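Notes for the one structure printed next.
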Amino acid sequence: MTKPYLTKNLIHMKKSVLFSTHAKRYEDWFKKYPEVYLSEVAAVKEQLIKLPENIKGIEVGLGTGRFAQPLGIKEGIEPSPEMASRAKVRGIAVVNGTAENLPYKDLNFDFVLFVTICYLDNLKLALKETYRVLKLYGSVIIGFIDKEQTIGKAYEEKRSHGVFLKYAKFYTVNQVINSLKEAGFKNLEFNQTLFGALDDIKEVQLPKSGYGEGSFVVIKAIKK
């Protein structure tokens with residue numbers, strides 16, 4: 001019988017190889033759905049601009065830097081060498097590591113951004129680490145596909161056929177809320193975008209407050 005921790009390590013290795021092998025396919029998604037991508041960037045930016053100026057932050061799981069670059073984030077964590085190399089071309093300083101074991105000291109950042117929690121090995125552990133590296137009153141910002149909305153449901157149906165989707169774990173908003181609260185975060189704020197099916201979104205959508213309608217939700221929470 002395979003031990004659980006060995007299974008998790010194998011899955012982590014497979015995901016790392018997957019993203020290195022298919023980095024170009026990952027990039028091609030953004031070219032295929034530019035309005036979807038820019039709508040997500042706008043929703044994340046709406047939460048980021050609420051933060052004070054001249055603060056220090058990172059993106060965890062930054063991929064090829066598609067979000068960090070337009071949002072002005074200069075540093076991030078990425079375990080895939082090929083993805084990291086592409087992020088460096090975009091001017092991002094990349095540190096090798098994982099969300100569950102952040103290679104930073106305590107109380108180091110004013111904010112931490114996630115836009116790919118569906119590929120984390122352990123969301124609760126990642127949030128515990130985020131809480132550790134954030135300064136008091138620092139913010140975590142999480143952008144994710146809501147499992148209960150249109151695009152999330154479509155992704156779940158395509159899971160067995162997708163190169164990336166078979167390793168993704170999608171969350172409901174309530175699951176993310178509960179994980180944030182369990183980690184100690186307070187003062188949750190929400191916005192949302194991507195109203196409609198993926199292939200039907202042909203223009204950039206402005207985010208609106210709350211959740212329960214849009215497929216992409218952004219939550220900002222505070223360490224207190």
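Select from GLN149, TYR37, SER80 the residue farthest towards the positive end of the dipole of the chain; place +1 on Cβ of Lys and Arg, -1 on Cβ of Asp and Glu, and compute about the Cα centre.
SER80
How much accessible area does SER209 have with a 1.4 Å probe, in Å² rounded to the nearest 10?
Only protein atoms counted, so the area is about 90 Å².
In whole Å, what is the distance between the alpha-carbon centres of region 112-173 and region 83-104?
17
Considering only protein heavy atoms and a 1.4 Å probe, what is the carbon-and-sulfur percentage of the accessible area of the chain? Could you put the intermediate results ahead of the total?
Numbers: 6010 of 11280 Å².
Carbon with sulfur: 53 percent of the solvent-accessible area.
Mean separation of Cα pairs under 8 Å and 6+ residues apart, divided by the residue count of region 40-80: what relative contact order is that in percent?
On the way: 32 pairs, mean separation 16.4, N = 41.
The value is 40 percent.
Using a 1.4 Å probe, how large is the accessible area of LYS31, given in Å² and rounded to the nearest 10?
140
Length gain on complete extension for the stretch VAL163 to GLU213, per 0.36 nm per residue less the alpha carbon to alpha carbon distance?
Details: separation 50, 0.36 × 50 = 18.00 nm, distance 2.71 nm.
Working it through step by step, the gained length comes to 15.3 nm.
Relative contact order of region 40-135: what whole-number percent is it, with Cα pairs under 8 angstrom and at least 6 residues apart? Let's see the in-between values first.
Details: 158 pairs, mean separation 26.5, N = 96.
Computed value for region 40-135: 28 percent relative contact order.
Could you do me a favour and compute the accessible area per residue for the chain, 1.4 Å probe, result in Å²?
Numbers: 11280 Å² over 224 residues.
Solvent-accessible surface per residue comes out at 50 Å².
Run down the lysines and flag those whose C-alpha is under 18 Å from the C-alpha of LYS169, throwing out any fewer than 8 positions away in its chain.
Here the lysines satisfying the reach criterion relative to LYS169 are LYS8, LYS14, LYS15, LYS124, LYS147, LYS153, LYS158.
Is the shape of the chain rounded, prolate or oblate, going by the alpha carbon gyration tensor and its root eigenvalues a ≥ b ≥ c, with a/c under 1.5 for rounded and a/b larger than b/c for prolate?
Rounded, since a/c falls under 1.5.
Please tell me which of these pairs span more than 27 angstrom C-alpha to C-alpha: LYS45/LYS88; LYS50/LYS105; LYS24/LYS45; LYS105/LYS224; LYS31/LYS74; LYS31/LYS56? Before the final figure, lay out the partial values.
Values: LYS45/LYS88 21 Å; LYS50/LYS105 25 Å; LYS24/LYS45 25 Å; LYS105/LYS224 18 Å; LYS31/LYS74 23 Å; LYS31/LYS56 30 Å.
Long pairs (Cα-Cα over 27 Å): LYS31/LYS56.
How about LYS32: which aspartates and glutamates have a C-alpha closer than 19 Å to its C-alpha, ignoring those fewer than 8 places off in the same chain?
Partners found: GLU40, ASP199, ASP200, GLU203.
Please list, ordered by chain and number, the residues whose modelled amide H lies under 5 Å from the amide H of LEU134; skip anything fewer than 5 residues away on the same chain.
Amide H to amide H, under 5 Å and 5 or more residues apart or across chains, LEU134 pairs with LEU107, ASN108, PHE109.
Return the sequence-ordered ³J(HN,Hα) values of region 211-224 in whole Hz as given by the Karplus equation 6.51 cos²θ - 1.76 cosθ + 1.60 applied to θ = phi - 60°, using x for Gly and Pro.
7, x, 10, x, 7, 10, 10, 10, 10, 10, 9, 10, 7, 10
The values are calculated or read from the model by the stated rules, or taken from the named source; none is laboratory data. The structure displayed is predicted, hence computed values, not measured ones. Cβ atoms come from the backbone with ideal geometry, glycine included; neighbour counts cover every protein chain shown. What goes into the accessible areas is simple: the full protein's heavy atoms, side chains included, and nothing from ligands, DNA or RNA. Shrake-Rupley method; radii C 1.70, N 1.55, O 1.52, S 1.80 Å.
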